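Here the structure comes first, spelled out in structure tokens, and everything after it is commentary.
The values are calculated or read from the model by the stated rules, or taken from the named source; none is laboratory data. The model shown is predicted, which means the values in this text are computed figures rather than measured ones. Methodologically, a virtual Cβ is constructed for each residue, glycine included, from the backbone with ideal geometry; neighbour enumeration extends over all protein chains shown. Accessible surface is based on the protein model in full, side chains and every heavy atom, while ligands, DNA and RNA are left aside. Shrake-Rupley method; radii C 1.70, N 1.55, O 1.52, S 1.80 Å.
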Amino acid sequence: MVEPAQDGKDGWGYGAFILPQLHQASLFNELAPNRTSRDGPAVDQSLVSTRLPVFECPAVLEETAGRSNYKGSAELFAYEAPLEDVYDGESTTLMLGESVALHRWADPGTGTCTSGPNQGDFGSPHSGGANFLMCDGAVYFIADHVDIATFQALSTLAGREVVGDF
């Protein structure tokens, strides 16, 4: 499973840190996000424009180099937290969610769950909701009308909330 890394560390987004888990170890090694600054002279800037379909929602036809249609959970990627710090349970804690805001996978990009899907930081071109990746690897389509308290509980690592249906 992917271990969260701090989004924005040395200018890198969470996407750069999870490349090895996405079968992109060579790209990770060339970029060296654990040893270099995102805008440093040692970074081949053309590499951050690499098209990686895993970061692209197929429903979005935008052809921007290196794009990502997904934001990380702001709480999860706020610091370098191992999954052991996800006390609320990996199956009920959001890791990533769809976003209509265009950004590149190598750039920082997180969102909060202060309002439901398609009403705040997370959203999609899909009717009625957006897709979310949980810390256990499961993907769920969460409806726009999800109970806001439940949606907010899904974004905490250790809030100890009881998560209802979503």
Mind listing the Cα extents of region 92-151 along all three principal axes, in Å, largest one first? 32, 24, 19
Would you work out what percent of the accessible area of region 1-109, with all protein chains in place, is carbon or sulfur (probe 1.4 Å)? 52 percent
Take the chain, mark every one of the trypsin sites (Lys or Arg not before Pro) that falls in a DSSP loop and has at most 12 other Cβ within 10 Å, then report the longest stretch left between them, sites excluded. 52-159
Enter the accessible area per residue of the chain (Å², integer; probe 1.4 Å; all protein chains in place). 47 Å²
Using helices alone, I'd like the mean residue ellipticity at 222 nm for the chain: each DSSP H run of four-plus residues gives -39500 (n - 2.57), total over residue count, nearest 500. -2500 deg cm²/dmol
Cα gyration tensor shape of region 16-67, rounded if a/c is under 1.5, else prolate or oblate by comparing a/b with b/c: oblate
Karplus 3J(HN,Hα) series, Hz, for region 129-135 with 6.51 cos²θ - 1.76 cosθ + 1.60 (x for Gly, Pro): x, 8, 8, 9, 9, 8, 5
Stretched fully, the stretch from residue 102 through residue 141 gains (0.36 nm per residue minus C-alpha distance, one decimal, in nm) 12.0 nm
Convex hull over the Cα atoms of region 37-85, averaged projected area in nm²? 5.0 nm²
Along each principal axis, Cα extent of the chain, largest first, Å: 47, 36, 23
Per residue Cα convex hull volume in Å³ - calculated over region 40-132: 119 Å³
